[in-house]
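> This structure is in structure tokens; I'll ask about it shortly.
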Amino acid sequence: MSIDAVRAYITNKVFEPALASPAVSDEVKSTVRNSVRWLNQFRRVGDLLHYMDRFREAPDTPVYTGLKNAGLLTFEDIRDDLLMKFAAFRDERTILEDFVVGQEYRSDDLVIFAEIYDNRSGGILPIGKVGRYKAVFIKATLNGGKYANEWLTAGERLKYFLKSRTNRHSGAIEFKESYIENAAIIEYPDTPIYAFTRPDERSTFTLAGIFRNAGVHTEPDGSKWFDLVLRDQRKNAPARTETQLKEDLEQAVRKARASSRAERKARLDVAPKKPATVTVLAKAFIRNADVIAEVLDRANGTCEGCNESAPFDRRSDGTPYLEVHHKVPLAAGGDDTVENAVALCPNCHRNEHYGAPLWPVEQAMPTKPSS
């Protein structure tokens with residue numbers, strides 16, 4: 001589903017009539033143009049639909065009043081029809097795992113994910129509801145200034161100033177630890193801090209790493225800064241991907257099975273009962289839903305590996321449960337196409353990854369032309 005279709009719907013219903021109407025003031029049109037720019041920053045349909053879901057009630061704003069007085073539609077008027085028309089795509093949303101260390105992101109990407117929708121909101125963006133934060137994003141521009149964010153140790157330790165506000169009575173700049181943005185870091189120390197940095201305001205941000213707060217420091221002028229350090233600074237324990245964790249576990253299991261039962265029992269007697277946690281860096285492919293639907297329709301409830309009926313029906317919709325597998329994996333450069341995909345029962349799918357595959361990757365890879 002192209003997000004352009006959602007943008008076109010909103011543009012045809014609200015933006016174009018508003019900008020073409022002589023009954024709409026220049027001031028309102030200026031705000032509408034800013035809305036056009038803002039909605040063009042969304043990358044995924046679900047994120048844009050979630051934003052539009054906010055327009056539930058008639059607001060007391062100049063834009064709403066101006067459009068209604070001109071007999072035109074507003075966001076509030078089209079909300080229900082828009083969400084119904086594109087309801088099938090509401091789950092196509094950005095997730096935390098989409099943010100990968102070393103990759104570049106716009107400020108718009110970060111505030112959209114934080115559901116703040118305002119680049120003037122500051123540099124600390126709590127992700128999630130108070131008390132249930134999934135992460136905290138920080139935006140650090142490293143170009144000096146009075147309160148200069150800077151690397152204390154390049155890539156490992158970051159000096160980052162707390163959220164501040166100007167006291168409207170005294171005019172003093174206050175760095176209160178109780179501000180909700182600062183409290184998200186101070187009061188929830190286990191919440192990962194995603195540090196996005198850039199050299200200047202004209203550049204995009206790069207996710208420098210996932211950090212933790214090692215303390216708050218106060219300068220003589222009363223300003224305060226976080227001492228942010230990488231969550232794991234052991235040189236022999238870099239951030240892990242999900243694939244690396246699986247490989248590590250498989251290797252550890254092989255070693256454990258090679259031990260005697262007495263050796264395993266001795267280790268189990270002193271082993272912690274709760275597993276340790278680690279932040280996993282993930283990169284995922286946004287798969288084409290039409291490919292999945294076409295392959296499942298082609299299979300018609302029968303596994304294309306063993307030719308047996310699906311082992312059970314899905315609880316959600318009662319359809320036969322089969323999993324769509326790519327003959328040439330996407331990670332190996334395979335195409336997300338119907339021709340490169342098969343519908344398999346869970347056993348056959350696991351066999352393709354861990355057993356003797358029916359579609360060996362080497363055979364399925366396209367032959368390169370000889371030079």
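> Please go through region 44-56 and give me each residue that is out of contact with any Asp or Glu (no Cβ under 7 Å at 6 or more places or on another chain) and touching a residue at least 12 places away in the same chain (Cβ under 8 Å), ordered by number.
Answer for region 44-56, where residues must be out of contact with any Asp or Glu (no Cβ under 7 Å at 6 or more places or on another chain) and touching a residue at least 12 places away in the same chain (Cβ under 8 Å): D47, L48, L49, H50, Y51, M52, D53, R56.
> Still on this model: Which number in (1) on the phi > 0 side of the Ramachandran plot; (2) assigned by TED's automatic domain parsing to the domain that holds I193; (3) of a type outside the set (A, V, I, L, M, F, W, C) marks the one condition that Y105 misses?
Every condition holds for Y105 apart from (1).
> Now, a different point. For G128, all conditions in the list (1) under 19 Å from the mean Cα position of the chain (by Cα); (2) exposed (fewer than 14 other Cβ atoms within 10 Å of the Cβ); (3) free of Cβ contacts under 8 Å to residues at least 24 places away in the same chain hold save one; what is the number of the exception?
Single failed check for G128: (2).
> Still on this structure, please answer the following. What are the residues in region 111-125 that are buried (at least 17 other Cβ atoms within 10 Å of the Cβ) and part of a loop (DSSP other than H, G, I, E, B), if any?
Once the filter is applied, which keeps residues that are buried (at least 17 other Cβ atoms within 10 Å of the Cβ) and part of a loop (DSSP other than H, G, I, E, B), region 111-125 yields A114, G123.
> Among the residues of region 314-347, which ones are of a type in the set (A, V, I, L, M) and within 25 Å of the chain's Cα centre (by Cα)?
Result: V324, L330, A331, A332.
> Kindly indicate whether L48 is in contact with a Phe, Trp or Tyr (Cβ under 6 Å, 6 or more places away or on another chain), within 30 Å of T166 (Cα to Cα) and aliphatic (A, V, I, L, M).
no
> What is the residue count in region 53-110 for residues that are assigned to a helix (DSSP H, G or I), among the aromatic types (F, W, Y) and out of contact with any helix residue (DSSP H, G or I) (no Cβ under 6 Å at 6 or more places or on another chain)?
Matching residues across region 53-110 total 2.
> Being buried (at least 21 other Cβ atoms within 10 Å of the Cβ) and of a type in the set (A, V, I, L, M, F, W, C) is the filter here, so list the residues in region 336-353 that pass it.
Listed by number, the residues that qualify are A341, V342, A343, L344, C345, C348.
> Moving on to the next point. Among R314, R298, which is at pLDDT 95 or above, surrounded by 11 or more Cβ atoms within 10 Å (Cβ to Cβ), over 28 Å from F99 (Cβ atoms) and among the charged types (D, E, K, R)?
Every option except R298 fails the conditions.
> If A148 satisfies all but one of (1) surrounded by 15 or more Cβ atoms within 10 Å (Cβ to Cβ); (2) at pLDDT 90 or above; (3) of a type outside the set (S, T, Y), what's the number of the condition it fails?
(1)
The values are calculated or read from the model by the stated rules, or taken from the named source; none is laboratory data. All values reported here derive from a predicted model rather than from experimental measurement. Cβ atoms come from the backbone with ideal geometry, glycine included; neighbour counts cover every protein chain shown.
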